[in-house]
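**Q** Have a look at this one before I ask anything.
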Amino acid sequence: MRRVKLPPLEPETETESKVCDYPDCTESGVHRAPRSREDLNSHYWFCLDHARAYNASWDYFDGMSQEDIQAYQQSATTWHRPTWQMNTRDRGNQQTAFNDEFNVLNNHAEPEVLATRTRTVSAPMRRALEVLNLEPTASLQDVKSRYKTLAKRFHPDTNGGCRDSEEQLKIVNQAYTLLLTSGYQ
């Protein structure tokens, strides 16, 4: 591979020699501000005080109707790129549904479906759940709730500095930390 020697980069002197674009201002124009919404690459060059005043009064949506503003804001949620529905695709007259056999995308799963889901729990996670006196089917919210209850119960401040309760709290903390770091959900 051949190396090409590039000339050294010179510091930008373009902004240093500019005068503020505000009428009757002789300060150096080192802060740029866009000229219009349609041409964001064309700039005014202002001193700091006039840049602040210009930015305070400049409105990107000036001249747009309320419907245009709402359409722009809605389009901005997807970075102005087109999107399609994920659950169906139209192929002529045939509709094919997205197969979500584990019901991952459904936020409104029935309680009996949630109760029948099984979770693979490793031996260390099982011991941590036993410390918290929970079943492997317990949710993350159940784990957090039980930890909060046990932490209050075994905290040395609530037990007059009792060493036994302090040791229990350490065990509960270790179990809770293990469950969180192992990705229990």
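The values are calculated or read from the model by the stated rules, or taken from the named source; none is laboratory data. Every value quoted in this text rests on a predicted model; they were computed, and no experiment measured them. Neighbour counts are summed over all protein chains in view; Cβ atoms, including those assigned to glycine, are modelled from backbone coordinates with ideal geometry.
**Q** Against the condition surrounded by 10 or more Cβ atoms within 10 Å (Cβ to Cβ), at pLDDT 60 or above and either over 30 Å from Gln174 (Cβ atoms) or not hydrophobic (A, V, I, L, M, F, W, C) (or both), how does Arg127 come out, does it pass?
**A** yes
**Q** List pairs: first in region 27-46 and without any contact (Cβ under 8 Å) to a residue 24 or more places away in the chain, second among the small types (Gly, Ala, Ser) and part of a strand (DSSP E or B), Cβ under 9 Å, 6+ apart or cross-chain?
**A** His43/Ala33; Tyr44/Ala33
**Q** Determine which single condition Gly29 fails, assuming it passes every other condition in (1) at pLDDT below 70; (2) surrounded by 11 or more Cβ atoms within 10 Å (Cβ to Cβ); (3) of a type outside the set (D, E, K, R).
**A** The number of the failed condition is (1).
**Q** For region 132-143, indicate whether the set of residues that are hydroxyl-bearing (Ser, Thr, Tyr), more than 30 Å from Ala71 (Cα to Cα) and modelled with pLDDT of 90 or more is non-empty.
**A** First, pick out the residues of region 132-143 that are hydroxyl-bearing (Ser, Thr, Tyr): 137, 139.
Those still in the list that are more than 30 Å from Ala71 (Cα to Cα) too: 137, 139.
Those left that are additionally modelled with pLDDT of 90 or more: none.
Within region 132-143, not a single residue is hydroxyl-bearing (Ser, Thr, Tyr), more than 30 Å from Ala71 (Cα to Cα) and modelled with pLDDT of 90 or more.
**Q** Among the residues of region 152-174, which ones are at pLDDT 90 or above and touching a Pro at 6+ places or on another chain (Cβ under 9 Å)?
**A** Of everything in region 152-174, just one residue is at pLDDT 90 or above and touching a Pro at 6+ places or on another chain (Cβ under 9 Å), namely Leu169.
**Q** Restricting region 31-77 to residues that are among the hydroxyl-bearing types (Ser, Thr, Tyr) and in contact with a strand residue (DSSP E or B) (Cβ under 9 Å, 6 or more places away or on another chain), which is farthest from Lys18 (Cα to Cα)? Write out each step before concluding.
**A** So the first thing to find is which residues in region 31-77 are among the hydroxyl-bearing types (Ser, Thr, Tyr), and the list is 36, 42, 44, 54, 57, 60, 65, 72, 75, 77.
After this cut, where a residue has to be in contact with a strand residue (DSSP E or B) (Cβ under 9 Å, 6 or more places away or on another chain) as well, the list is 42, 44, 54, 60.
On the way: Ser42: 15, Tyr44: 10, Tyr54: 17, Tyr60: 25 Å.
Out of the qualifying residues, it is Tyr60.
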